[in-house]
Amino acid sequence: MSFSLHGIGVSGGYAIGRAQLYSHERLEAPHYVLRQEDLESEVARFAEAVETVRAELLSLQTHIPDGAPPELSVFIEVHALILSDSMLSEVPKRLIRSERCNAEWALAQQTEALIAQFESIDDDYLRERRHDVRQVADKVLKALMGHPGQTPLKTADEGDSILVAHDLSPGDMVLFKRHTFAGFITDLGGTTSHTAILARSLSLPSVMALHNARAMIREGDWLIVDGVAGVVIVDPDAAVLDEYKLRRNQWLLEQKKLRRLKSSPSITLDAVEVGLMANIDLPSDVTQALGENAAGIGLFRSEFLFLNRDDLPGEEEQFEAYRSVAGEMGGRPVVIRTLDVGADKSVRWMEDDSINPALGLRAIRLCLAEPQIFITQIRAIYRASHYGKVRILLPMLASLTELDQALALIGAARGSLKVAGLPYDESVPIGGMIEIPAAALAAEWFARKLDFLSLGTNDLIQYTLAIDRTDDAVAHLYDPLNPGVLGLIDHTLKVGRKLNKPVSVCGEMAGDARLTRLLLGMGLTQFSMHPAHVLSVKQQVMRSNTAHLAPLVRKLLKAGRPERILELLEKINA
Ligand code: PEP
Ligand code: MG
C-alpha cells in the first residue's frame with residue numbers, strides 16, 4: 001500500500017530506489033547485580049569495550065576515503081572526544097562499583113543522565129550533540145554485548161538503494177561514502193545535526209526528522225525521496241513513480257551540467273559580472289569553497305572558532321585560523337565577520353540569561369560590552385591581512401553610535417599593532433551587516449562611514465517579520481518574499497549604488513537559485529552562499545539579462561499580495 005511520510009528536506013533533489021534498512025536498532029541493556037568480588041573484572045570489561053570503540057574510531061579516521069567531506073574527520077574526532085570524556089568513560093566505572101551493577105546497565109544509566117543534561121541546553125547546535133553522545137554510547141554497548149561494528153551493507157544494486165536509518169553517525173557516513181547510495185532518510189536529526197551538515201556537503205537527496213520511517217518501512221520497499229519537499233513516498237503507484245522518474249532524470253542531468261560551469265565566468269547575458277562567494281564556518285571549509293571555484297569567502301562566521309569550548313581562542317590561535325584561510329584563498333577576498341555569538345549561538349563562557357536572546361546582548365553589542373574580546377579578534381584579523389586579501393565585517397549594527405564605538409576600537413587595535421611593529425594591511429576594508437530593519441532604513445548613514453555593506457537576510461527576515469528563526473512553530477511564516485523584506489533589501493541596494501559602495505547578500509537567500517534572478521533584477525551583483533550552491537546560482541546568472549529582468553522585478557516590488565508576488569516570480573524565472 002502506498003503512503004507518504006513528511007520530514008525536513010535537508011539536501012535537495014530526488015532519489016528513487018529500494019529501501020536498505022540500516023541495522024542500527026538500539027540494544028536493550030540487561031540489568032543484574034554483581035558480587036563484590038566480581039566488580040573489578042566488570043570495570044575492566046567496561047574499560048576494554050571503551051578501548052575497542054576507541055580503536056574502531058581510530059581505524060575509521062585513518063581510512064577516510066578520498067573525496068570524503070572535510071567535516072567527516074572532525075565528526076569522528078568529536079566522537080573520540082566524547083568517548084574520552086570522563087562522563088562517559090569513567091563515571092560508569094564508579095556506578096558499577098557503587099551500584100554493584102553490570103557494565104551495560106551502568107553505561108545506560110549514565111547515558112540517559114547525560115542526554116537529559118544535553119536536552120536542557122538552549123543552544124540548538126549543542127543540544128543536537130546529544131545524538132552524538134547516544135551514538136558513541138551505543139557503540140560501547142554493542143562492544144560490551146558482542147555486537148561490534150555494523151551489519152555489513154549490501155553492495156548489489158547500490159545505485160538503486162535508499163538508506164533508511166533511525167539515525168546516522170559520522171562513522172556511518174564513512175561507509176556511506178564508500179557505497180554509492182542514491183539517497184538516505186532518517187528518523188532523527190534537525191537541520192543543524194551533523195548528519196544534516198554532511199548531507200548537504202555530499203549533495204545527496206535526503207529527508208530527515210521522519211520520526212518513525214525506520215519502523216514503518218520494510219527492507220526492499222520502493223521509495224521515492226523528494227529532498228525538495230521533504231517527503232518520502234513508500235510503494236508509489238505507477239503514475240507517481242513515472243512522474244518522479246522524470247523529475248529525477250531532469251535533476252541528475254542538471255547536476256551533471258552544473259559541474260561544467262565550474263570554470264565558466266559568472267557573467268550575465270548583458271555582461272554584468274556577478275561575484276559568487278562562499279560562506280564558511282571553519283578554516284577547513286575553504287577546500288569546498290575552492291572546489292566550487294568561489295570568487296572568495298563572502299562570510300567567514302568566525303564565531304565557530306568560539307563554540308564548543310570552555311575558554312576563548314587567543315590572538316595567536318585566531319591569527320593562525322584567519323591567516324590559513326587568507327593564504328589558501330590565494331589573493332581572493334576573505335570577509336571575516338567579527339564575533340556573532342548570542343541568541344541561538346551561545347558560548348559556554350558567557351552566561352546568557354536574556355529574556356529574549358535574539359533581541360539581547362549578541363554580536364557587536366556583546367563585543368562593545370567586552371572590548372578586550374573584540375580587540376583581540378581585530379588584532380588577529382589585521383595580522384592575517386598581511387597574508388591575503390582580508391576584509392572585516394561587523395554584525396548586527398543597529399545604530400551609528402555602535403558603529404563609531406566599533407571603529408574606535410578597531411583604530412585602537414591597529415594602533416597597538418603599529419606600536420608592536422607587527423605587519424598588517426593599513427587599508428583593510430571595513431563593512432557592516434544590514435540585518436536589523438533600522439539599519440536597512442538608515443543604510444545611507446552606515447554606507448557613508450563604511451567601505452561595504454552585506455545584507456544578512458536570515459536575521460533581516462527574522463527581525464522584520466518578528467519571527468524567531470529557530471522556532472518550528474512559526475517557521476512556515478518565515479518569508480523572504482514578504483514585500484516589507486524585499487523593500488528593505490531594495491532600499492539598501494539603492495543606497496549602495498547611490499554612494500558607490502558595494503552591497504552583497506550573505507544570508508540564505510543568496511544561495512537559493514529560485515531567487516537569483518529576482519536579486520539580479522534588483523541590482524545585486526555580489527552573492528555569498530554555502531559552497532554547494534555556487535554552481536546552481538551561477539547557472540541562473542549566466543541565463544539572465546539584468547536589463548530585461550529589471551522592469552519585471554520593479555513590478556514585483558510594487559505588488560503586495562503574496563499570490564501576485566509568486567506569479568511574478570514565476571514570470572521572472574521563466
Ligand atoms: C544572516 O543573518 O543572514 C547571516 C548571514 O548571518 P547568520 O545566519 O550567521 O546570523
Ligand atoms: Mg545574522
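The values are calculated or read from the model by the stated rules, or taken from the named source; none is laboratory data. Fair warning: this is a prediction, and the values are worked out from it, not measured in the lab. A quick note on method: Cβ atoms are made from the backbone with ideal geometry, for glycine too, and the neighbour counts reach across all protein chains shown. Side chains included, ligands, DNA and RNA excluded: accessible areas come from the protein's heavy atoms. Shrake-Rupley method; radii C 1.70, N 1.55, O 1.52, S 1.80 Å.
Key figures
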read-out	value
Relative contact order (%) - criterion: Cα under 8 Å, at least six apart; region: region 233-302	24 percent
Length-normalised contact order of region 345-496 in % [C-alpha pairs under 8 Å, at least 6 apart]	20 percent
Portion, in percent, of the accessible area of the chain that falls on carbon or sulfur, probe 1.4 Å	54 percent
Most to least packed among 364-375, 389-400 [average Cβ atoms within 10 Å]	389-400, 364-375
Calculated [θ] (222 nm, deg cm²/dmol) that DSSP helices of n ≥ 4 give over the chain, each run adding -39,500 (n - 2.57)	-15000 deg cm²/dmol
Whole-number percent relative contact order across the chain, with pairs defined as alpha carbons under 8 Å at least 6 apart	14 percent
Magnitude of the charge dipole, the chain, Cβ model with Lys/Arg +1 and Asp/Glu -1, debye to 20	2440 debye
Tail beyond 40 Å, pair distance distribution of the chain (Cα, percent)	31 percent
Computed FRET value (nearest 0.05) for residue 458 with residue 36, which takes r as the C-beta separation and R₀ as 56 Å	0.45
Within-9-Å neighbourhood charge of residue 315 [Cβ basis; K, R +1; D, E -1]	0
Under-5 Å amide H pairs with residue 277, H placed in peptide plane, nonlocal only	295, 527, 528, 529
Rounded accessible area of residue 446 (nearest 10 Å², 1.4 Å probe)	0 Å²
Prolate/oblate/rounded call for region 490-568, Cα gyration tensor, a/c under 1.5 rounded	oblate
The chain - accessible surface per residue (Å², probe 1.4 Å)	43 Å²
Span from the region 398-443 Cα centroid across to the region 546-569 one, whole angstrom	36 Å
Relative counts (whole %) of C-alpha pair distances in region 36-144, using bins that are 10 Å wide	14, 43, 30, 11, 2, 0
Farthest positive-ward along the chain dipole, Cα basis, beta-carbon charges - from 502, 528, 439	502
